[in-house]
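What follows draws every value from the coordinates through simple rules; no lab data is involved. Quick caveat, the model's predicted, so the values are computed rather than measured. Neighbour counts are summed over all protein chains in view; Cβ atoms, including those assigned to glycine, are modelled from backbone coordinates with ideal geometry.
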Amino acid sequence: MTDEEHAGAGFTHDQARAMKAELERELGDRRRFYPGMIDKGLLDPRDADRRIALFADMLEDHGRAFHPDFQQRRELPLSNRRFTWREKIAELRRELALRERFYPDRITKGRLTEDESRRRIAALQLVHDLYWKRCHCWEPDGELAREAHAERIRQCESGEMAKAAQAAREHYQRHKSFPPSPPPPPGDLAMREEMQAHLRDLVDEGRQEQQELGV
C-alpha cells in the first residue's frame with residue numbers, strides 16, 4: 001500500500017471514503033424511516049433513538065480514525081463515549097445480518113441493484129473491521145487492563161514507543177538482527193486475555209443473533 005493510498009489503520013483512502021459514505025447513508029435512512037416504523041408499532045421509540053445514536057457515534061469515530069491531523073486521531077476519553085466498543089460491534093453485526101437476510105428480496109423486487117447491495121455490505125464490513133480487527137475505540141474493562149491501556153497511551157503520547165522503534169531499527173542495521181523484546185508492561189497479559197474474552201463473547205452473540213434471525 002503506497003503512502004498515497006494509505007489513509008490510516010491499514011485502510012486505503014477509497015476504503016475510508018466508502019466507509020464514511022455508508023455510515024452517512026445508513027444514518028440518514030434511519031432518521032428518515034424510523035419515525036414511520038414507530039408510528040406502525042414496528043419499532044420502540046427508545047430503541048430507535050439508540051440505534052440512530054449508535055451510527056452517529058460510529059460516524060464520529062470514523063472522523064477521528066481518519067482525521068488528516070494525526071493528533072486528532074487520539075482516542076476520546078472513555079467518559080465522553082456514549083456507547084461501548086462492544087455495543088458498536090453488536091449493532092454492526094446486527095445490521096449486517098439484516099442485510100444478508102433482506103437485501104436478496106429487495107434485489108428481486110427491483111428496489112436495490114445487486115452491485116449496490118454488494119457495495120453497501122462491503123463498506124459496512126470495513127467499518128466492522130475497523131472496530132473488530134483494528135480494535136478502534138476498544139475499551140478494556142478490567143482494572144489491570146485499564147492500567148495497561150493507559151500506559152500504552154502515555155507511551156505513545158510521550159514518544160517512548162517511537163524512540164524504541166527507532167532504536168530497534170538502528171540495532172538491526174548494525175547487527176542485522178532484532179534486539180530482544182522488552183518485557184510486556186504490567187497488566188498487558190490481563191488486557192490481552194480480557195480482549196480475547198470479549199471477542200469470544202461477541203462471536204457467540206453474533207452466532208446466536210444470526211440463529212434468531214434465521215440467517
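Counting charges near R169 (Lys, Arg +1; Asp, Glu -1) among other residues having Cβ under 13 Å from its Cβ returns a value of +2. Spin-label model, A164/A53: points 7 Å from Cα along the beta carbon direction are separated by 3.7 nm. Legend: ranking of residues K176, K133, K88, K20 from fewest to most surrounding C-beta atoms inside 10 Å; resulting order K176, K133, K20, K88. How far is it, in nm, from the label point at R86 to the one at R106 when both lie 7 Å from their Cα along the line to the Cβ? Here the answer is 3.0 nm between the modelled labels.
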